[in-house]
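Each reported figure results from applying straightforward, stated rules to the coordinates on display, with no laboratory input. Fair warning: this is a prediction, and the values are worked out from it, not measured in the lab. Neighbour counts are summed over all protein chains in view; Cβ atoms, including those assigned to glycine, are modelled from backbone coordinates with ideal geometry.
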Amino acid sequence: MLPSLPKGVIFQIETVDSTSNINIQIADWISGALARSLEKGKLGQECYAILRGNMLGQGKELFGFKSI
């Protein structure tokens with residue numbers, strides 16, 4: 001993300017235990033569902049169909065995706 005941010009921006013990453021934060025649990029579920037879809041995993045198409053209507057755009061690949 002740093003290359004796309006303005007110069008001088010301080011970027012901080014923090015780990016949070018999802019068992020103590022419902023918002024992180026939701027983010028975990030969404031990212032897991034999208035990963036299933038991208039990896040053509042079990043229920044991947046069904047997960048994508050549920051989320052599809054709530055996506056704002058294509059997004060930007062930050063880390064690279066390699067199929068397992």
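Which net charge results when you count Lys and Arg as +1 and Asp and Glu as -1 among the other residues whose beta-carbon is under 15 Å from that of GLY44?
+2
Under a Cβ-Cβ cut-off of 15 Å, what is the net charge of the residues other than ASN21 that fall near it, where Lys and Arg count +1 and Asp and Glu count -1?
With Lys, Arg at +1 and Asp, Glu at -1, the net is -3.
Would you compute, for the Cα atoms of region 1-57, the largest minus smallest coordinate along each principal axis and list the three values in descending order, in whole Å?
42, 29, 20
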